[in-house]
Amino acid sequence: MIEIKNINKTFGDRHVVKDVSFKFYPGKTNLMIGESGCGKTTLVKLMVGLHEVDSGEVLFDGQNFPKLSQVEKQDIRKKIGMLFQGGALFDSQTLEENVMFPLDMFTELSKEEKLERVNFCLEKVQLVGKNKLYPAELSGGMKKRAALARAIANNPKYLFCDEPNSGLDPKTSIVIDNLIKDLTEEFNITTVIITHDMNSVMEIGENIMFIHKGENYWTGDKTQILKTTNKELFDFVFASEFMKQVLSATNK
Amino acid sequence: MLLYRVFSKPQKLSIYIRQIIFEINNIGITSLPIIAIISVFMGGIITIQAAHAIDSPLVPLYAVGFTTRESIILEFSPTIVCLILAGKVGSNIASEIGAMRITEQIDALEIMGINSAGYLIFPKIAGAVFIFPFLIAISMFLGIFGGYLMGVSSGACTSYQYLFGIQAFFDPGKFYYSFTKVVVFAFIITSVSAYFGYNTSGGALEVGKSSTNAVVYSSILILLFSLILTNIFLNT
């Protein structure tokens, strides 16, 4: 489990994360939702140590990450998989090399065992047979799936996904969402997903935190979100015509 | 601080060795054609200029070979070729690492628990420090060979005079001076370029700026250290 307690972060005179607390549970898809620029990505970067917190605690199974030594932090990071918004695949490596990279760095598996694991991960994300392609040869959806394969290659205990379906068509988005949900449940991973896509929220939102202007405004799940009375969340959720129709259909 | 991370203990030696071999090829071997072309031409040019400058009958014509050798070994190959490599290799390193920074590839390495500075920069420094002396040795040979071709074919001197000249008053200690400079310049080019690339933030425009800064600062530092090392080794 990951727990954040009273996290604060300022950049210059901008207070971008304000006293945020939340619990992310293993085996569940934990979602961070909110408008663009509300502080979601910053919060995740604070959690994984890419930015330093001004105050507060980030507890990975009880260990306060910001207070750990570099060596202890690296030990925790070896258990983290992260899916970046743009994929962040290594351009100079093939898909196979990308997925094998964490195995090369942190395991003593034989070449055959590593290849077996790579193929297993590629099968999970439906990219079988694409081993020798370079990132530049992949479509946006394939890049996301490839990045997900790399993120799960080393059996992560914690999985962070930064807008996993941004820029994807609705069908591919659902494929990615369900992949993440299935992997989370199958391997009991503590998964943290950043999104502002309401389709994703309704598809996989089991434990949701709504962030507004750097603050935790609301927590709940996908069934509760439709009945919210929180004004900011209501405006966010029912901004689209589609969601307004969902609301009116639900109220009938 | 960055250099401390670069030179901290490798997380997996076999991976680092693989990367160093890759960089020796990427930085060194791929630079051979440009070095070869420039060296042969510059050797020829230096020979013609030396022959043109020697218009006194009191100066023997073997001085053409002697001047070419001294110019190439002392300054052209170690300094001018390294300035050219600062342009080719330095901009390549800065833009490669800079692009990795803005596309979050470096963040990905960090989150995996990898010392990104060590993994990305150390093999480049080690590869360059290893391969640059060989490149410069080849440049010296080709420069002197180019001088021979031009000197003899243009009639500036005879083959015997040129070959006598390049062997005259030879001090092997000058190689020590030249190759010390090369090792220092290899370190400057790779570390300065990697620094600018690693600290890139923003987008494609900033990657371009990092690449430009890498070449400019590497070149200035090469000239500065050339002066310092020349003063240390030769001004005695």
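The values are calculated or read from the model by the stated rules, or taken from the named source; none is laboratory data. Bear in mind that the values here come from a model prediction, so they are computed numbers and not experimental data. All Cβ positions, glycine included, derive from the backbone under ideal geometry; neighbour counts span all protein chains shown.
Look through segment A:214-246, keep the residues that are surrounded by 15 or more Cβ atoms within 10 Å (Cβ to Cβ) and charged (D, E, K, R), and return whichever of them is nearest to residue A:19 (Cα to Cα).
A:215
Residue-wise test of (1) touching an Asp or Glu at 6+ places or on another chain (Cβ under 9 Å); (2) within 27 Å of residue B:2 (Cβ to Cβ).
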residue: B:83; (1), (2): no, yes
residue: B:93; (1), (2): no, yes
residue: B:100; (1), (2): yes, yes
residue: B:117; (1), (2): no, yes
residue: B:167; (1), (2): no, no
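Spot the failing condition for residue A:217; the list is (1) farther than 24 Å from residue A:9 by Cα; (2) in contact with a helix residue (DSSP H, G or I) (Cβ under 7 Å, 6 or more places away or on another chain), and only one is missed.
With respect to (1) farther than 24 Å from residue A:9 by Cα; (2) in contact with a helix residue (DSSP H, G or I) (Cβ under 7 Å, 6 or more places away or on another chain), residue A:217 is out only on (1).
Spot the failing condition for residue A:192; the list is (1) part of a helix (DSSP H, G or I); (2) within 14 Å of chain B (Cβ to nearest Cβ); (3) among the hydrophobic types (A, V, I, L, M, F, W, C); (4) buried (at least 22 other Cβ atoms within 10 Å of the Cβ), and only one is missed.
Failing condition for residue A:192: (1).
Before we move on, is residue A:9 more than 20 Å from residue A:195 (Cα to Cα), in contact with a strand residue (DSSP E or B) (Cβ under 9 Å, 6 or more places away or on another chain), touching a residue at least 12 places away in the same chain (Cβ under 8 Å) and basic (Lys, Arg)?
Numbers: more than 20 Å from residue A:195 (Cα to Cα): yes; in contact with a strand residue (DSSP E or B) (Cβ under 9 Å, 6 or more places away or on another chain): yes; touching a residue at least 12 places away in the same chain (Cβ under 8 Å): yes; basic (Lys, Arg): yes.
In short, yes.
Quick test for you: out of A:67, A:5, A:9, pick the one residue that is crowded, with 16+ Cβ neighbours inside 10 Å and either in contact with a Ser or Thr (Cβ under 7 Å, 6 or more places away or on another chain) or within 25 Å of residue B:113 (Cα to Cα) (or both).
Working: A:67 fails: crowded, with 16+ Cβ neighbours inside 10 Å; A:5 fails: crowded, with 16+ Cβ neighbours inside 10 Å.
Checking each option against the conditions leaves just A:9.
Does residue B:190 count as buried (at least 23 other Cβ atoms within 10 Å of the Cβ), of a type outside the set (Lys, Arg) and in a helix (DSSP H, G or I)?
For residue B:190, the condition - buried (at least 23 other Cβ atoms within 10 Å of the Cβ), of a type outside the set (Lys, Arg) and in a helix (DSSP H, G or I) - is met.
Quick one: would you say residue A:164 is surrounded by 21 or more Cβ atoms within 10 Å (Cβ to Cβ), assigned to a loop (DSSP other than H, G, I, E, B) and not acidic (Asp, Glu)?
yes
Considering only segment A:46-55, I want to know if a residue exists there that is aliphatic (A, V, I, L, M), under 15 Å from residue A:159 (Cα atoms) and more than 10 Å from every other protein chain (Cβ to nearest Cβ).
Yes; the residues of segment A:46-55 include at least one that is aliphatic (A, V, I, L, M), under 15 Å from residue A:159 (Cα atoms) and more than 10 Å from every other protein chain (Cβ to nearest Cβ).
With the structure loaded, tell me whether residue A:145 is more than 22 Å from residue B:119 (Cβ to Cβ), crowded, with 18+ Cβ neighbours inside 10 Å and more than 14 Å from chain B (Cβ to nearest Cβ) or whether it fails that test. Don't jump to the end; show me each part of the working.
Working: more than 22 Å from residue B:119 (Cβ to Cβ): yes; crowded, with 18+ Cβ neighbours inside 10 Å: yes; more than 14 Å from chain B (Cβ to nearest Cβ): yes.
Spelling it out, residue A:145 is indeed more than 22 Å from residue B:119 (Cβ to Cβ), crowded, with 18+ Cβ neighbours inside 10 Å and more than 14 Å from chain B (Cβ to nearest Cβ).
Somewhere in segment B:59-68, is a residue surrounded by fewer than 17 Cβ atoms within 10 Å (Cβ to Cβ), more than 24 Å from residue B:133 (Cβ to Cβ), without any contact (Cβ under 8 Å) to a residue 40 or more places away in the chain and not basic (Lys, Arg)?
yes
Being within 22 Å of residue A:176 (Cα to Cα), of a type outside the set (Gly, Ala, Ser) and without any contact (Cβ under 8 Å) to a residue 12 or more places away in the chain narrows it down to one residue among A:97, A:72; which is it?
Answer to the check: A:97.
When segment B:180-236 is examined, which residues are found to be within 15 Å of the chain's Cα centre (by Cα), farther than 29 Å from residue B:110 by Cα and among the hydroxyl-bearing types (Ser, Thr, Tyr)?
B:180, B:219, B:226, listed by residue number.
Any residue in segment B:93-101 that is within 14 Å of chain A (Cβ to nearest Cβ), surrounded by fewer than 24 Cβ atoms within 10 Å (Cβ to Cβ), part of a helix (DSSP H, G or I) and of a type in the set (Lys, Arg)?
Yes, segment B:93-101 contains a residue that is within 14 Å of chain A (Cβ to nearest Cβ), surrounded by fewer than 24 Cβ atoms within 10 Å (Cβ to Cβ), part of a helix (DSSP H, G or I) and of a type in the set (Lys, Arg).
Residues are listed down the side, and each one gets a yes or a no for (1) farther than 24 Å from residue B:121 by Cα; (2) within 19 Å of the chain's Cα centre (by Cα); (3) of a type in the set (S, T, N, Q):
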| residue | (1), (2), (3) |
| --- | --- |
| B:9 | no, no, no |
| B:12 | no, no, no |
| B:16 | no, no, no |
| B:22 | no, yes, no |
| B:27 | no, yes, no |
| B:37 | yes, yes, no |
| B:73 | yes, yes, no |
| B:89 | no, yes, no |
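Can you tell me which residue in segment A:56-76 is farthest from the other protein chains (Cβ to nearest Cβ), limited to those that are more than 17 Å from residue A:3 (Cβ to Cβ) and not charged (D, E, K, R)?
The qualifying residue farthest from the other protein chains (Cβ to nearest Cβ) is A:69.
Report yes if some residue within segment B:144-152 is within 14 Å of chain A (Cβ to nearest Cβ), modelled with pLDDT of 95 or more and either in contact with a Lys or Arg (Cβ under 8 Å, 6 or more places away or on another chain) or under 22 Å from residue A:91 (Cα atoms) (or both); otherwise report no.
First, pick out the residues of segment B:144-152 that are within 14 Å of chain A (Cβ to nearest Cβ): none.
No.
Does segment A:149-163 include one or more residues that are more than 25 Å from residue A:104 (Cα to Cα), within 14 Å of chain B (Cβ to nearest Cβ) and either out of contact with any strand residue (DSSP E or B) (no Cβ under 8 Å at 6 or more places or on another chain) or not hydrophobic (A, V, I, L, M, F, W, C) (or both)?
yes
Of all strands (runs of 3 or more DSSP E) completely enclosed by segment A:1-102, which ones contain at least 1 residues that are more than 30 Å from residue A:234 (Cβ to Cβ) and touching a Gly at 6+ places or on another chain (Cβ under 7 Å)?
none
Out of the residues in segment A:77-100 meeting the condition of being more than 8 Å from chain B (Cβ to nearest Cβ) and hydrophobic (A, V, I, L, M, F, W, C), tell me which one is surrounded by the most Cβ atoms within 10 Å (Cβ to Cβ).
Ranking the candidates gives A:99 first.
Every residue in segment B:102-157 that is of a type in the set (Val, Ile, Thr) and not in a helix (DSSP H, G or I), please. If you could, list the steps in order and put the result at the bottom.
So the first thing to find is which residues in segment B:102-157 are of a type in the set (Val, Ile, Thr), and the list is B:102-103, B:106, B:111, B:114, B:121, B:125, B:129, B:131, B:136, B:138, B:144, B:152.
Within segment B:102-157, B:103, B:114 meet the criteria.
Count, please, the residues in segment B:5-24 that happen to be crowded, with 16+ Cβ neighbours inside 10 Å and more than 12 Å from chain A (Cβ to nearest Cβ).
Total satisfying the criteria: 3.
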